[in-house]
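Structure, as structure tokens:
The values are calculated or read from the model by the stated rules, or taken from the named source; none is laboratory data. Keep in mind that what you see is a predicted model, and the values were worked out from it rather than measured. A quick note on method: Cβ atoms are made from the backbone with ideal geometry, for glycine too, and the neighbour counts reach across all protein chains shown.
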Amino acid sequence: MTFTANSTLIYVLVSVCAWAVYLKFKCPRNLPPGPKGYPFVGNLFQLDANRPWHSLGKWKKTYGDIVYIRLFNQDVIVLNSAKAAGDLLDRRAANYSQRPRIPVIECLTGGLSIGFMDHGSRWRSMRRAAHEALNIRASVKYHPIHMREGIQLALDILDSPQECHNHVYRFTSFTSASLIYNDTSRRHAIINELSSLMKDMVLASAPGRYFANHIPVFEHVPEFLAKWKHEMKARYNMYTESVVKFFLPIKELVSLITIEWLIVAMLAFPDVQRKVQAEIDAVIGQTRIPMLGDMENLPYMRAVVKEVLRWRPVLPICVFHASLEASAGLFCL
């Protein structure tokens with residue numbers, strides 16, 4: 001049997017129409033409000049592929065805290081407030097703690113990114129390893145390094161406050177190099193690799209940037225036809241060492257961003273800064289430097305740090321979650 005050009009075109013059109021009908025009628029649901037999408041592709045081309053969080057932020061103003069969008073055959077619910085996220089991701093974590101597959105991330109990290117893995121046996125093994133390296137008891141052995149570098153950071157800022165960014169960078173890079181390799185000679189390379197890795201992971205998981213994340217058939221396209229596969233595998237080979245040692249340094253990279261925003265916050269809100277200083281003076285005095293053991297006696301300072309993390313999150317978009325059952329209050333997801 002042979003296919004003519006016309007019969008092939010008809011076959012393609014029928015397949016596309018059938019797929020569109022399937023998407024429309026596969027499961028009528030009471031969905032949250034959201035922007036009207038296009039046939040077949042949904043809202044894919046309405047998202048800014050480089051900065052999708054900007055598009056999502058605009059839709060929040062129009063549609064509220066819970067927004068529905070469709071990316072090809074994927075239904076996506078966007079949570080735009082702490083209350084909405086807490087209600088679903090915290091109080092109903094058993095249902096919403098799964099992870100959808102993101103093929104481009106898997107290619108970039110070799111399947112070793114614990115934050116993007118489904119909760120299977122490999123995830124449990126990696127979580128166990130991460131817990132052993134990062135739990136409170138294990139972190140005690142890192143205290144001398146943090147104290148040494150923290151004191152040096154304070155002295156550097158006092159000596160040349162105009163170089164604040166460089167001082168914070170030095171603090172995080174020296175700390176990372178000491179924790180991972182017990183060697184500070186690779187400090188600049190480590191931070192540069194991790195900064196680049198985090199940027200690539202955000203872009204690789206960004207909605208609408210890669211068709212392979214939304215259309216399963218694109219995942220199986222040969223590498224010579226799939227530019228993204230070639231790019232991600234090349235980056236994986238470059239990042240392998242950083243990915244394998246991902247647990248400890250990621251905390252230091254987060255510290256770099258958080259410390260800089262904390263400094264900005266204290267400059268923008270001097271009344272808050274004075275209250276923090278007053279609490280430190282009252283609890284610790286002026287005859288010694290603060291120690292990590294003093295943290296539990298400084299509730300206001302801890303609250304300020306948490307507020308900075310809320311005010312300026314390290315990442316613009318949270319890691320994707322997947323639900324086991326489809327319901328959320330008034331909506332059927």
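Here are a few things to note about the model shown:
- Checking each residue in the range 71-83 for being within 17 Å of the chain's Cα centre (by Cα) and not in a strand (DSSP E or B) picks out 80, 81, 82.
- Qualifying residue in the range 241-264 (condition: surrounded by fewer than 19 Cβ atoms within 10 Å (Cβ to Cβ), at pLDDT 80 or above and of a type in the set (Asp, Glu)): yes
- Residue, surrounded by the fewest Cβ atoms within 10 Å (Cβ to Cβ), within the range 71-93, restricted to residues that are aliphatic (A, V, I, L, M) and touching a helix residue (DSSP H, G or I) at 6+ places or on another chain (Cβ under 6 Å): 89
- Filter pass, residue 272 being outside the structural domain of residue 57 (by TED's automatic domain parsing) and over 30 Å from residue 214 (Cβ atoms): yes
- Residue 104 modelled with pLDDT of 80 or more and in a helix (DSSP H, G or I): yes
- Residue 279 at negative phi and in contact (Cβ under 8 Å) with a residue 24 or more places away in the chain: no
Here's the yes/no breakdown for (1) without any contact (Cβ under 8 Å) to a residue 12 or more places away in the chain; (2) surrounded by 15 or more Cβ atoms within 10 Å (Cβ to Cβ); (3) assigned to a helix (DSSP H, G or I):
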site	(1), (2), (3)
49	no, no, no
58	yes, no, yes
69	no, yes, no
95	no, yes, yes
128	yes, no, yes
